[in-house]
Every structure is written in structure tokens, then in C-alpha cells.
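K.L.:
Questions regarding the structure given below will be posed in turn.
The values are calculated or read from the model by the stated rules, or taken from the named source; none is laboratory data. Only a predicted model underlies this, so the values are computations on that prediction, with no experimental measurement involved. Note that each Cβ is placed from the backbone with ideal geometry, even for glycine, and that neighbours are counted across all protein chains shown.
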Amino acid sequence: MNYVIAVLVGLVLAEVATLITTIYLHRVLSHKAIWLHPAVKMFMRFGTWMLTSISPREWVAVHRKHHNFSDVEGDPHSPHIEGYWQIMIGNVYYYRREANNDNTMEKYASDLPFDRLDRMFLRRGTLGFSLTGLILVLLMGIGPGLVALATLAVVYLVLNAAINGAGHTFGYKSFENDATNLKLLALITFGEGLHNNHHARPASAKLSAFRGEFDPAWPVIRLLEKLRLAKVLTKVDEGWEDHRRRIPKTTVSPTGRVLVKD
Ligand SMILES: [Zn+2]
Ligand SMILES: [Zn+2]
């Protein structure tokens with residue numbers, strides 16, 4: 001039973017890490033679509049450190065470069081260039097390869113220099129994640145604590161790989177870009193699975209565009225707004241149609257002819 005609880009704890013922590021990633025690292029820092037109250041920002045910064053050990057500066061730089069070179073030469077993690085399974089399995093390798101590139105850091109994250117907090121301890125490798133492991137072991141015992149930590153790591157990494165791999169390979173497209181929308185993935189990644197929408201309008205604070213799509217981070221952002229802890233800085237509901245694809249919908253007739261609708 002202890003181990004079942006440990007897996008559940010790991011799953012919850014992975015979802016918290018994913019929520020912080022999409023709101024803080026992605027929508028706030030990378031695309032500046034949302035303003036966050038400094039206290040919430042600090043909370044999420046520590047959350048990122050403790051649950052993922054990711055350096056925001058590195059994540060932002062790699063991600064912005066991904067937008068700049070989506071699925072063409074220069075994309076840090078394109079399944080079209082590297083191969084689908086390479087990204088699904090080796091996403092961390094491709095991420096680190098780009099994050100170690102000083103030119104990328106300079107060019108894409110000059111607005112996020114390391115500050116004193118980073119220099120003191122937030123930058124120190126996997127210190128934050130190890131601290132989480134220590135807390136879990138103290139609370140749950142060594143076996144279940146390590147299982148919870150491993151579940152957090154594996155689930156978080158798989159979800160991120162799925163956004164970069166499956167989110168550029170499978171699913172439907174509403175807009176003309178190489179990313180795809182996967183509604184099921186969006187449900188477990190707080191909207192990130194609506195990746196085709198995101199590549200169409202990276203600055204939108206909301207990732208769902210049309211009826212039937214749901215971005216689970218959006219109600220959280222709205223709640224933070226109501227509490228005056230966040231402010232959406234970009235248009236979210238208008239404008240999608242202007243970007244709407246001109247990809248014709250095709251169906252195959254009973255005689256095998258491809259019919260183009262739209
Ligand atoms: Zn992408
Ligand atoms: Zn983005």
C-alpha cells in the first residue's frame with residue numbers, strides 16, 4: 001500500500017511540475033504572455049528548482065530557439081530532423097546539448113541573466129531535486145520515498161518528450177505549422193498538448209483555440225487573475241481565425257477519389 005501511495009504522490013508532483021512548467025517557464029518567461037505577482041513567481045521558481053532542477057534561463061533559451069527553427073535545421077529537438085523515437089527517448093540529451101551552447105544562452109535568454117539566488121544555490125545541478133528526494137524519504141521511508149521521486153522524474157520526462165516528439169508528429173492541425181494538437185496529451189500536460197495552436201500563436205496565454213479543446217491551465221490562470229496574482233498580457237480569444245489554416249480538409253469518396261472540402 002505504501003508503494004501505491006508513493007506512485008500517486010509521484011504522479012501528483014509530476015503534474016504540479018508540469019503546471020509550473022507551462023505557466024512559469026513557458027507562458028510567463030519564454031513568451032511573456034502573463035504577468036505573475038513576484039511572490040507567485042518566486043514560489044514557481046523554487047517549485048521548478050525542487051521538482052525539476054531546470055534552470056529557467058536554459059529552458060527559455062532552448063525553447064525560444066525551438067520556435068525560431070521549428071522543424072528545420074537548427075531546431076534543438078525536432079522529431080522530423082532527429083527522428084521520432086530519438087526525441088521520445090533522448091529528449092533530455094537534445095535539451096542538454098542545446099542548453100550547453102553558450103551562444104544559444106546569450107542570444108535567446110539575455111533578458112534572464114543569472115541573479116544572486118541562482119549563483120548562490122539555484123544553479124547548483126540537481127541540488128533542488130535531491131532535496132525533494134530527501135524530504136520524500138524522511139516523510140515516507142527510504143523505499144517509498146525513492147519510488148515517489150522516480151515516478152516524478154519518469155512521468156515529467158515522458159510528458160515533456162511527448163510534447164516535443166508526439167506533439168510534432170501525431171494529432172490534428174488547425175494551423176499551418178509542423179506541430180500537432182493532441183487533446184488527450186493536453187489534458188495531462190495542462191494544455192501543452194495543443195501544440196499546433198501554440199506554434200500558430202506562441203504569445204497567446206491560452207492554448208485552446210476552438211470548441212472542444214480544453215487547456216486545463218487556463219482556469220488556474222484565470223483564478224490567479226481573480227486573486228490579482230496574475231495578469232494576462234495578450235489577446236486570447238480573438239484572432240485565432242486570422243491564423244486559421246488554409247490546409248484543406250480531405251475525405252476519400254467511396255470510389256477512392258480524394259475530395260477536398262473547405
Ligand atoms: Zn514545438
Ligand atoms: Zn512556446
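K.L.:
Tell me yes or no: at least one residue of the stretch 108-128 is within 13 Å of ligand 1 (Cβ to nearest atom) and either within 28 Å of L149 (Cβ to Cβ) or at pLDDT 90 or above (or both).
P.N.:
No.
K.L.:
Hey, another quick one. Does G171 satisfy the criteria of being within 16 Å of ligand 1 (Cβ to nearest atom) and crowded, with 22+ Cβ neighbours inside 10 Å?
P.N.:
Judged against the criteria, G171 is not a match.
K.L.:
Continuing with this model, one more query. Taking A6 and the conditions (1) surrounded by 20 or more Cβ atoms within 10 Å (Cβ to Cβ); (2) within 23 Å of R64 (Cβ to Cβ); (3) not acidic (D, E), which numbered condition does it fall short on, given that it satisfies the others?
P.N.:
Looking at each condition in turn, A6 falls short on (2).
K.L.:
Looking at the stretch 214-231 only, could you name the residues that are touching a helix residue (DSSP H, G or I) at 6+ places or on another chain (Cβ under 8 Å), within 22 Å of H67 (Cα to Cα) and not small (G, A, S)?
P.N.:
D215
K.L.:
Does the stretch 148-159 contain at least one residue that is more than 27 Å from V62 (Cα to Cα) and modelled with pLDDT of 95 or more?
P.N.:
Yes, the stretch 148-159 contains a residue that is more than 27 Å from V62 (Cα to Cα) and modelled with pLDDT of 95 or more.
K.L.:
Now a separate question. Among (1) farther than 24 Å from A61 by Cα; (2) within 13 Å of ligand 1 (Cβ to nearest atom), where does I142 come up short?
P.N.:
With respect to (1) farther than 24 Å from A61 by Cα; (2) within 13 Å of ligand 1 (Cβ to nearest atom), I142 is out only on (2).
K.L.:
If you scan the stretch 15-39, which residues turn out to be more than 13 Å from ligand 2 (Cβ to nearest atom) and outside any helix (DSSP H, G or I)?
P.N.:
Selection gives W35, L36, H37.
K.L.:
Follow-up. Given the stretch 57-143, what helices (runs of 4 or more DSSP H) lie entirely inside it while holding 1 or more residues that are more than 26 Å from A162 (Cα to Cα)?
P.N.:
So the answer is 102-108, 127-140.
K.L.:
Continuing with the same structure: Looking only at the stretch 211-221, decide whether some residue is among the aromatic types (F, W, Y), part of a helix (DSSP H, G or I) and either at pLDDT 95 or above or within 13 Å of the chain's Cα centre (by Cα) (or both).
P.N.:
yes
K.L.:
Using the structure shown, decide if D242 is charged (D, E, K, R), surrounded by fewer than 15 Cβ atoms within 10 Å (Cβ to Cβ), at pLDDT below 95 and outside any loop (DSSP other than H, G, I, E, B).
P.N.:
Yes; evaluated as a whole, the condition is true for this residue.
K.L.:
Tell me yes or no: at least one residue of the stretch 216-225 is within 16 Å of ligand 2 (Cβ to nearest atom) and acidic (D, E).
P.N.:
No; the residues of the stretch 216-225 include none that is within 16 Å of ligand 2 (Cβ to nearest atom) and acidic (D, E).
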